[in-house]
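Only one structure is covered here, and it is reproduced in the block below.
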Amino acid sequence: MRIAHGVQNVNYRRALNIEDLRQLARRRLPRVAYEFLDGGTEDDVTLRENRAAFGRFRFQPRVLVDVSKRSQKVTLWDQNFNLPFGIAPTGAAGLYCFEADIALARAAAAAGVPFVLSTASFVPLERVLREAGGTQWFQLYMSKDRALAERLVTRARDAGFEALVVTTDIPVAAAREYNRRNNFEVPFRLNLANMVDGALHPGWLLNVFLRTLLDSGVPRFQNLDVNVGGRIISKSLTEFRTRRDALNWSDIRWLREIWPRRLLVKGILTVEDAQCAADSGADGIFVSNHGGRQLDGAPSPLEVLPQIVNAMGQRLAIMVDGGFRRGSDIVKALALGADMVFLGRAPLYGAAAGGEEGVLHALNLLRSEVDRVMALIGCPTVDGLGPEYLRLETGRSPHARDAAERADAAFWDGF
C-alpha cells in the first residue's frame, strides 16, 4: 500500500469511528501538538456547545421507502462531488504528520470532495495544489495591509485555486491558554518540557518533527513568505495580524474586485452578516465559530443555521463547520439546509493516526455513517433531505411542555 505522506501504521484501520481516531491521535502526539489540535478557547464553553447542539435534534424517520439506490452526490455551483462534506482549513496541520497539507488534499481528491488549504500551512500553496490535485480552495487570513494581502491572493490565483475562503472571525488572537502553558508558537521552538514530551513520543519526533526539520527546516507558515527585492523573508502569523481589527466589509468588496473566482466568507453566525456577505459580492459563506477556538460563548453553527438558510439560501451557497464527528451530524446539518459540511479536526485525527491513508479512513468512516443514516431515515438522496426529517428536543420538563412546543414552533418558523 502506498503511503505518500505520513508513516504507515495499520492501527488506524481498527478505528471504527472518529472518536477512535481521536484517541489514537492523543496517544501518538506530544501534548503541545495534541492540545493545539483538540482545544478550544478559555473555558471551552463553545467547544462543548458545538457538540451538544447535535444532541438537541432527533430524527423523524420514514419507513417503507425504497432506499436501495442511495446516493450522496451533491452539486455545488456547477461542480459535482461524491460526498456532501469536505475538509476545512486547519492551520499548522504539519504538526500531525509529515506534509499533512498534501496528505489531506490527496485524500480529499481520492474521495472526490473539496479541500480548503489554510494560509497557515507548513507547505507552500503551489506545491499542495500541484502535487495533490483535486478540488482545492484557499483560505485567506487577511491583513489590513492590502499590498501584503494582494500578494498572497495573487499567488493563490496564479496557482489555480478554485475559490477563496476569507476567515473573518479573528480580529484579535484568541485566549488559547494551553498554548501559553505549552510555550507553543510557530516557527516551532523546542524547550526542555517539549523536548522531553517529544522524546516520549518517538514516532512523532522521528517521522514528523525531524523529518520536517531535515526536509524544509524548522516548521513554519510557508505561505507567509514575502519576496522583497528578490529576497525571501519569512513572516510570522503575528506580523500578518497587523491591523486585522481594522478590517471591515469594504475589504471584502475589494477582494471581490481582485479575485476572479468563487469567493466565500467564513465566520458567519448571524443573518445580518450573511446579508453583508451577499451584498459585498460573496458567492457563499461558512456558518462557523472557528471550531470553538475564538469567542467562548458564541452560538453553535447548528443553532443559527436554520435562520441563515431561511433568509439567505437563495442568494448564497451555505457551508457549515464546527463539531462534526458523526455521519448523523452531517445529515442533520444537510437537513437544516446546509449545501455542504466541512470538517477540520476529524481528518486531522486521521492524519495523526495514519498519515494520508488515515485521512482517507476518516472520510470513509463518515461516508459509511452518512449512508447508513440516510437509509434508516428513509431518504435515498442528499437533495431529498429537509427539516421534515428532524424534530427539535427542547429538554424541558413535562410542566413546561406548552412553552417547549411554542419554542419548537418558533424555531421552525419559516421552513
### Message
Just to verify a result, which residue in the range 364-390, among those that are of a type in the set (Asp, Glu) and closer than 19 Å to Arg325 by Cα, is surrounded by the most Cβ atoms within 10 Å (Cβ to Cβ)?
### Response
Glu369
### Query
For Glu131, are the conditions met, namely being over 24 Å from Asn289 (Cα atoms) and among the acidic types (Asp, Glu)?
yes
### Task
Mind listing whichever residues of the range 272-287 are in a loop (DSSP other than H, G, I, E, B) and out of contact with any Phe, Trp or Tyr (no Cβ under 8 Å at 6 or more places or on another chain)?
Gly281, Ala282
### Query
Scanning for something within 18 Å of Ala15 (Cα to Cα) and basic (Lys, Arg), does the range 342-361 turn up at least one residue?
yes
### Message
Can you pull out every residue in the range 142-167 that is in contact with a strand residue (DSSP E or B) (Cβ under 9 Å, 6 or more places away or on another chain), in a loop (DSSP other than H, G, I, E, B) and either crowded, with 22+ Cβ neighbours inside 10 Å or charged (D, E, K, R) (or both)?
### Response
Met142, Phe161, Glu162
### Message
For the range 76-119, give me each residue that is closer than 15 Å to Phe342 by Cβ, touching an Asp or Glu at 6+ places or on another chain (Cβ under 7 Å) and part of a helix (DSSP H, G or I).
### Response
Ala93, Ala107
### Query
Hey, does the range 16-25 have a residue that's free of Cβ contacts under 8 Å to residues at least 24 places away in the same chain, under 30 Å from Val208 (Cα atoms) and acidic (Asp, Glu)?
yes
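FYI, it's all coordinate maths here, none of it is from the lab. None of the values given here were measured: they were computed from a predicted structure. Cβ sites come from the backbone with ideal geometry, for glycine too, and all protein chains shown count toward neighbours.
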